[in-house]
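Engineer: One structure is given below, represented as structure tokens, and several questions about it will come after.
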Amino acid sequence: GNLHLLDIRRQDKSLMKISEKPGPVFTFPLGFQKVVVLTGYKAVKDALLNTGDMFADRPPVPIFYHVQHGKAVFFSSQELWKTTRWFTIAAMSDLDMGKHLGEERMLEELRFLIELIKSIKGRPFQLWFLNMAPSNITFAILFGRRFDYEDPTFLTQSLLEGMARVSFFKNTPVIKLLKY
């Protein structure tokens, strides 16, 4: 296997180093599946802008597939993803929630994230609030307000622990054994 080539704490740097030999786009066996790795701004931009359809599909994340049976909005792929995306855009347009509203909400949430990171003053910290930002953007669009990251209505210890567990296990091979 190739696991010995990855520094678990700095996978980004490990993959950049590996890319020196094959180039900025390469296939890398990771556990039981092969993944396409894009390194560098030019490779990512080219993949997203010029060959987006080739990169639009993705393998199922085992834990989410196990829970949602491939029918979820956020972790769907292929035709279901396209249909869901079309429906969501149409519904938001009907509700007069165009591109600019979503953009405004994202920028607003980004400002809160920046302030939170500044308040930490260079100390080590958990990244849980980065997982909460997309939910906060969705709440702001749908309900007209965002939640503070410490708001007990928005966050509970069990929610945070659950998200941490899912984030940790979502790509581990053991999850594939759940169906057995």
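Engineer: Before we move on, is TYR149 modelled with pLDDT of 75 or more and of a type in the set (Phe, Trp, Tyr)?
Structural biologist: So TYR149 passes the test.
Engineer: Condition check: loosely packed, with under 10 Cβ neighbours inside 10 Å and either in contact with a strand residue (DSSP E or B) (Cβ under 9 Å, 6 or more places away or on another chain) or at pLDDT 70 or above (or both). Does GLY122 satisfy that? So that I can check it myself, show each step before the final result.
Structural biologist: Values: loosely packed, with under 10 Cβ neighbours inside 10 Å: yes; either in contact with a strand residue (DSSP E or B) (Cβ under 9 Å, 6 or more places away or on another chain) or at pLDDT 70 or above (or both): yes.
For GLY122, the condition - loosely packed, with under 10 Cβ neighbours inside 10 Å and either in contact with a strand residue (DSSP E or B) (Cβ under 9 Å, 6 or more places away or on another chain) or at pLDDT 70 or above (or both) - is met.
Engineer: Of the conditions (1) surrounded by 11 or more Cβ atoms within 10 Å (Cβ to Cβ); (2) out of contact with any Lys or Arg (no Cβ under 6 Å at 6 or more places or on another chain); (3) at pLDDT 75 or above; (4) β-branched (Val, Ile, Thr), ILE89 fails just one. Which one is it?
Structural biologist: Of the numbered conditions (1) surrounded by 11 or more Cβ atoms within 10 Å (Cβ to Cβ); (2) out of contact with any Lys or Arg (no Cβ under 6 Å at 6 or more places or on another chain); (3) at pLDDT 75 or above; (4) β-branched (Val, Ile, Thr), the odd one out for ILE89 is (3).
Engineer: Please state which one of LEU110, LEU142, LEU160 is modelled with pLDDT of 75 or more and either part of a helix (DSSP H, G or I) or loosely packed, with under 15 Cβ neighbours inside 10 Å (or both).
Structural biologist: LEU110
The values are calculated or read from the model by the stated rules, or taken from the named source; none is laboratory data. Model, not experiment: these values are computed from the prediction. Positions of Cβ are generated from backbone atoms using ideal geometry, with glycine treated the same way; all protein chains shown enter the neighbour counts.
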